[in-house]
Amino acid sequence: MNAIVQHSPRTLNRVSGVDFRFPTEHELDALEAFMLSVVLPPDQNFDVQAFMTSPAQQRGLELFFGRAKCGECHNGPVLAGGSFNTGIVNLPVNTTPPSACDPPCPAIGPLEAGGQREFNVPPLFGLKNTTPFFHDNSVATLHDAVAFYTSAQFNASPGATFVGGIELSPAEINDITAFLEALTTCGNGVVDHGEQCDDGNAASGDGCRPNCTIEVCGDGVVDPQEACDDGNASDSSGCEGSCLSLRPNR
Ligand code: HEC
């Protein structure tokens with residue numbers, strides 16, 4: 001509820017009913033299911049070394065925590081951190097109105113307070129499922145998000161001053177991209193670190209969920225083939241031990 005009120009209202013006045021409305025129970029459940037499906041790995045074991053399966057990924061990991069300085073802001077278990085202004089607001093897409101729109105494009109207003117607004121350092125797991133990137137979705141691919149850190153916009157930002165600037169070669173950008181891609185392996189058809197199953201698709205109801213956990217009765221998650229799942233295998237509560245039917249009250 002705080003996320004809806006605080007982070008995604010239409011305006012920062014946050015007036016209930018105008019800037020946001022409270023979600024229904026059904027909408028909240030759907031939001032939760034979506035978020036659980038993109039946050040990976042499913043077992044919450046964020047040991048980055050355990051994801052590495054190629055020399056490029058390993059080189060990317062070492063750059064990330066070393067010379068590339070990413071780890072100075074993206075740290076802790078999920079590679080998240082405090083807040084910084086990394087210059088996203090100064091990207092051309094945010095400063096130049098699109099050349100052609102129908103109806104004509106509105107003028108882009110003055111940059112927000114000189115582009116000084118800081119954003120939380122987001123976690124970097126599951127990125128394959130969460131394109132496009134940055135708070136304004138201004139960058140389409142993971143490669144370009146990594147390459148952003150060598151741009152003039154980043155290197156003129158307060159965040160760059162904090163780490164003393166970042167320079168990377170095209171090969172290093174590719175290695176860091178490989179490292180970050182390796183942190184989303186669910187859906188590649190191989191049971192990797194942290195996964196219970198991986199059938200190579202994003203469907204549910206086929207035994208393996210889109211977040212690579214096994215669909216079982218009794219774990220509290222209602223899978224498509226189940227009528228209910230109250231998190232136990234007993235018949236005495238509201239759901240039959242088989243999860244195939246609700247148990248009437250008697
Ligand atoms: C000065 C701190 C800082 C450094 C250094 C830094 N980041 Fe970030 N990173 C951030 C912040 C803050 C954001 C959110 C920016 C925004 O959305 O405006 C971010 C966002 C990202 C995103 C987008 C994630 C998403 O879900 O949208 C990626 C990918 C990323 N960083 C990778 C890297 C890599 C790779 C490096 C090293 C080359 C790096 N970062 C270095 C602070 C930093």
ask   = Hey, what do the phi angles of segment 4-11 turn into as Karplus ³J(HN,Hα) couplings, whole Hz, using 6.51/-1.76/1.60 and θ = phi - 60°, x for Gly and Pro?
value = 5, 6, 8, 9, 10, x, 5, 10
query = Where both partners of a DSSP beta bridge lie in the chain, what percent of those bridges are antiparallel, to the nearest 5?
reply = 90
Segment 48-181, relative contact order in percent, only Cα pairs under 8 angstrom and at least six apart counted = 35
Calculated FRET efficiency for the pair Thr95/Asn45, C-beta based, R₀ 51 Å, to 0.05 = 0.80
query = Anyone know which of Pro106, Pro158, Pro42 comes out most mobile in the 10 Å Cα GNM of the chain?
reply = Pro106
ask   = Hey, what's the per residue convex hull volume over the C-alpha atoms of segment 171-250, in cubic angstrom?
value = 84
key: For segment 141-148, Karplus couplings with θ = phi - 60° (6.51, -1.76, 1.60), whole Hz, Gly/Pro x   = 10, 5, 4, 6, 5, 5, 4, 3
inquiry  = Which residue, Val121, Pro97, Phe34, has the largest displacement toward the positive end of the dipole of segment 1-130 when charges sit on each Cβ (Lys, Arg +1; Asp, Glu -1)?
reply    = Pro97
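Rule-of-thumb check for segment 20-68: C-alpha Rg over 2.2 N^0.38 Å?
Details: Rg = 17.5 Å, N = 49, 2.2 N^0.38 = 9.7 Å.
Here the answer is 1.82, to two decimals.
Run the accessible area of segment 141-206 with a 1.4 Å probe and give the carbon-and-sulfur part as a rounded percent. Don't jump to the answer; show the numbers that get you there.
Values: 1580 of 2900 Å².
Reported share for carbon and sulfur atoms: 54 percent.
Using only Cα atoms, what is the ratio of the radius of gyration of segment 1-102 to 2.2 N^0.38 Å? Mind showing how you got there, number by number?
Values: Rg = 19.5 Å, N = 102, 2.2 N^0.38 = 12.8 Å.
For segment 1-102, the normalised Cα radius of gyration is 1.53.
Please give the per residue accessible area of segment 37-77, computed with a probe of 1.4 Å over protein heavy atoms only, in Å².
On the way: 2070 Å² over 41 residues.
Ligands and nucleic acids excluded, the figure is 51 Å² per residue.
Using every Cα-Cα pair within segment 107-230, state what percent have a distance larger than 21 Å.
Details: 4343 of 7626 pairs.
So the portion of pairs separated by more than 21 Å is 57 percent.
Note down, for the chain, the three equivalent ellipsoid semi-axes (square root of 5 times each alpha carbon gyration tensor eigenvalue), biggest first, whole angstrom. Show your work: numbers first, answer last.
Values: eigenvalues 297, 143, 48 Å².
Listed largest to smallest, the semi-axes of the chain are 39, 27, 15 Å.
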key: segment 48-181 - charge dipole about Cα centre, Lys and Arg +1 at Cβ, Asp and Glu -1, debye rounded to 20   = 160
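Quick one: which of 43-49, 87-93, 207-213, 5-11 comes out on top by average Cβ neighbours within 10 Å, and what's the full order, highest first?
Values: 43-49: 12.9, 87-93: 17.3, 207-213: 20.4, 5-11: 11.1.
By packing density, highest mean first, the sequence is 207-213, 87-93, 43-49, 5-11.
Report the per residue volume, in Å³, of the convex hull enclosing the C-alpha atoms of segment 48-181. Walk me through the intermediate numbers first.
Values: hull volume 15.6 nm³, N = 134.
Measuring per residue, one finds 116 Å³ for the Cα hull of segment 48-181.
The values are calculated or read from the model by the stated rules, or taken from the named source; none is laboratory data. In this text the structure is predicted, and so the values were computed from the model without any measurement. Using ideal geometry, Cβ is built from the backbone for each residue, glycine included, and neighbour counts are taken over all protein chains shown. Quick note on the areas: whole protein, heavy atoms, side chains included, nothing else; ligands and nucleic acids left out. Shrake-Rupley method; radii C 1.70, N 1.55, O 1.52, S 1.80 Å.
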